[in-house]
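Here is the structure we will look at, set down as structure tokens.
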Amino acid sequence: MLLKNTYNEFIKIIAKPRSYIGLGVLTALILVILFAMKADGSSYISFVTASFDQTLSFNGNILNGNLIAFIILQMLIVHIPLLVALVTGDLISGEAAMGTIRMLATKPISRTKIVLSKFIAGAVYTLILTIWLAFLALVVVKWMFGTGDMIVLNSSGLVILQEADIFWRYGCSFIVAYLALLTVSSLSICLSAFAENSIGPIVSTMGIIILFTIIGSLDVTVFDSIKIFLFTTHMASWRSFFEDPISMKDIWQSISILIVHNIVLVSIAVIKFNKKDITS
Amino acid sequence: MNEPIIEVNHLSKKFGNFEAVKDVSFTVNKGDVFGFLGPNGAGKSTTIRCLLSLISPNAGSIAIFGKQLASHRSEILNNIGCIIEKPDFYRYLSAEKNLEIFARISGSDSSKKDIQEMLEFVGLDGRGKDKVKGFSHGMKQRLGIAQTLLHKPDLIILDEPTTGLDPQGIIEVRNLILRLKTEQNKTVVLSSHQLSEIEIIANRMVIINKGKSVIEGSVEALVNEQELLLQIELSDPENAIKLIEMEYPALIVKHLYGSTIEIALDKEMVPKINYLLVNKGFEIHSLEPKRKLEDFFMKIIQE
Ligand SMILES: Nc1ncnc2c1ncn2[C@@H]1O[C@H](COP(=O)(O)OP(=O)(O)O)[C@@H](O)[C@H]1O
Ligand SMILES: [Mg+2]
């Protein structure tokens, strides 16, 4: 039953026009960034590297695909949650608004399985979005701008990573970035279980992300102890893979915190949906 | 043999402080077309939502197919097809895809052929590939019925299936329901706010009002075997009353208004009274039987 309904959920996601907004917007954003880089990219980074390129040996063009992929990820990781929530925030509440939740909930499938199948479908949608992002950022960008060594600004200042030392870092980054986006998906599914329309959960998801991000960036001691528990703090954890050396302890901590978030959020959604009187 | 399919006892459901269903009890037997009659807001949909586990009652018990709903939910729902309030579908999917989706999580699997046959049965053949977005209310209602039947359930629950349809659509849906009983021997529960509708299709019924079941029984017993109130508009009502009271002292005759009198009597008495009056030279302008149940139901509605 779980698999059958997950399959149903895919059919619905594929048929809904809004599912393509995310892919379209992502593509458009990246094209804009690429256009900007192509047109005026060297001036964009020259101020960073002005004092720098005489002192270190650097292979190839600085403004290469590896660097631009990093810039793209950094710029977009704050916007992609909206694209995720647009689809996942609608999964339960959209059916309540449309009235189909009535039909669904009078079928022999349990309510827990309804929520879980929506979670799985949302997870796959988020994965597709992440893979599309990875494809554009790594394959297309490298094809347009070539590859080479990569300069990054990390916690120890400007660092040059060797060309051969980069690809695996991206691979791991995308896995952690996916986990962060999955948390956004679970959050909006959870909010979706409480709502009767899809605007509410989408806006609240973004509201929570903005609020948590602000709390995370405020340098106030009262917030210091909770920062680590905000999932938004870990949305930037993909960058840890561009440190040298990499702190695996921090990364595992982020991964654990994100996984716990997912489990808790989905559990809340399951409990709420099971208790809910369906009156739409 | 009366095999109970649905047994509801002292059901109650509150929304916040408002008690939408206070005390509803009734029994539906196998093979019944069971009418669930009550004015708008009586608590029909709320009761039906409880039967389908969409909402959980605050008190009372529900057994379906001889099993408690709370502990055998999936098993019971396997064997039920239903429409609550109005049928809603995924607007962005075709009629066929919608049926496929619901069939996949219903009691039994359906092939593409089953779906085509079902679309034909409800008169939607040729429209299966069209998106539901463009369907009229009547078409959705018929697609809804297709959805309730696809997995071949024994029990079908329809909440006001003819509301909002045009006269042609009402007749079509009623005929469909009658065919379910005669051709497929299903048990059907249908709610309505119109006594006339229940009279036409149901064999047993319960009337509910303000969240309480008021009266339950066979439609025939409740409707036909009830005493009639015969209203006669005629010349010289005073003398007509005297004549009737002399001839049939057991009857109670009232002067209703103007030249109209009212007599409470059994159905068989109608031709006798008519003959008597015509024979004695009274001019009869109209003769209208009003059933007490209708009166009773009207009173309930107007309360
Ligand atoms: N979700 C709800 N919250 C509050 N009141 C409700 C809700 N659903 C129904 N009611 C109220 O319960 C009563 C019965 O409603 P309903 O069962 O839909 O009546 P019917 O189907 O007989 O017309 C009505 O007064 C209605 O306003
Ligand atoms: Mg109703």
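The values are calculated or read from the model by the stated rules, or taken from the named source; none is laboratory data. Model, not experiment: these values are computed from the prediction. Here the Cβ is made from the backbone with ideal geometry for all residues, glycine too, and neighbour counts use every protein chain on show. Side chains included, ligands, DNA and RNA excluded: accessible areas come from the protein's heavy atoms. Shrake-Rupley method; radii C 1.70, N 1.55, O 1.52, S 1.80 Å.
Can you name every residue in region A:225-246 that is among the hydroxyl-bearing types (Ser, Thr, Tyr) and under 13 Å from the mean Cα position of the chain (by Cα)? Answer for region A:225-246, where residues must be among the hydroxyl-bearing types (Ser, Thr, Tyr) and under 13 Å from the mean Cα position of the chain (by Cα): A:232, A:233, A:237. The condition of being within 10 Å of ligand 1 (Cβ to nearest atom), among the aliphatic types (A, V, I, L, M) and modelled with pLDDT of 95 or more holds for residue B:48. Residue B:264 meets the conditions (1) outside any helix (DSSP H, G or I); (2) open to solvent by 40 Å² or more (accessible area, probe 1.4 Å); (3) touching a residue at least 12 places away in the same chain (Cβ under 8 Å); (4) not assigned by TED's automatic domain parsing to the domain that holds residue B:26 in every case but one. The failed one is (2).
Scanning region B:1-28 for residues that are of a type in the set (D, E, K, R) and open to solvent by 70 Å² or more (accessible area, probe 1.4 Å) returns B:3, B:14, B:22.
So that you can scan it fast, the table gives a plain yes or no per residue for (1) surrounded by 15 or more Cβ atoms within 10 Å (Cβ to Cβ); (2) β-branched (Val, Ile, Thr); (3) within 26 Å of residue B:46 (Cβ to Cβ); (4) within 16 Å of ligand 1 (Cβ to nearest atom):
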site	(1), (2), (3), (4)
B:114	yes, no, no, no
B:129	no, no, no, no
B:132	yes, yes, no, no
B:144	yes, no, yes, no
B:147	yes, no, yes, no
B:156	yes, yes, yes, no
B:159	yes, no, yes, yes
B:166	no, no, no, no
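Scan region A:72-91 residue by residue and report those that are within 14 Å of chain B (Cβ to nearest Cβ), outside any helix (DSSP H, G or I) and open to solvent by less than 10 Å² (accessible area, probe 1.4 Å). Reasoning before the result, please.
The initial filter retains those residues of region A:72-91 that are within 14 Å of chain B (Cβ to nearest Cβ), namely A:87, A:90-91.
Next, only the ones that are outside any helix (DSSP H, G or I) stay: A:90-91.
Across region A:72-91, the qualifying residue is only A:91.
Taken together, the criteria place residue B:157 among residues that are under 18 Å from residue B:36 (Cα atoms), within 16 Å of ligand 2 (Cβ to nearest atom), in contact (Cβ under 8 Å) with a residue 12 or more places away in the chain and not small (Gly, Ala, Ser).
Considering region B:52-82, the residues that are β-branched (Val, Ile, Thr) and within 12 Å of chain A (Cβ to nearest Cβ) include one that is nearest to ligand 2 (Cβ to nearest atom), namely B:55.
Can we say residue B:270 is assigned to a helix (DSSP H, G or I), closer than 30 Å to residue B:26 by Cα and not assigned by TED's automatic domain parsing to the domain that holds residue B:33?
no
Listed here are the residues, each with its yes/no results for (1) open to solvent by 60 Å² or more (accessible area, probe 1.4 Å); (2) assigned to a helix (DSSP H, G or I); (3) under 24 Å from residue B:47 (Cα atoms).
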residue	(1), (2), (3)
B:199	no, yes, yes
B:229	no, no, no
B:233	yes, no, no
B:238	yes, yes, no
B:241	no, yes, no
B:249	yes, no, no
B:254	yes, no, no
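Each row is one residue, and each column tells you yes or no for (1) away from every other protein chain (no Cβ under 12 Å); (2) under 21 Å from the mean Cα position of the chain (by Cα).
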{"site": "B:22", "(1), (2)": "yes, yes"}
{"site": "B:32", "(1), (2)": "yes, yes"}
{"site": "B:36", "(1), (2)": "yes, yes"}
{"site": "B:50", "(1), (2)": "no, yes"}
{"site": "B:84", "(1), (2)": "no, yes"}
{"site": "B:90", "(1), (2)": "no, no"}
{"site": "B:108", "(1), (2)": "no, no"}
{"site": "B:116", "(1), (2)": "yes, no"}
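Do the conditions hold for residue B:177, that is, is it more than 16 Å from ligand 1 (Cβ to nearest atom), surrounded by fewer than 14 Cβ atoms within 10 Å (Cβ to Cβ) and of a type in the set (A, V, I, L, M)? Answer is no for this residue. Would you check if there is a residue in region A:143-156 being open to solvent by 40 Å² or more (accessible area, probe 1.4 Å), within 18 Å of residue A:128 (Cβ to Cβ) and of a type in the set (Phe, Trp, Tyr)? No, the conditions are met nowhere in region A:143-156.
Give B:55, B:76, B:101 a once-over and let me know the one that is surrounded by 17 or more Cβ atoms within 10 Å (Cβ to Cβ) and touching a residue at least 40 places away in the same chain (Cβ under 8 Å). Every option except B:55 fails the conditions.
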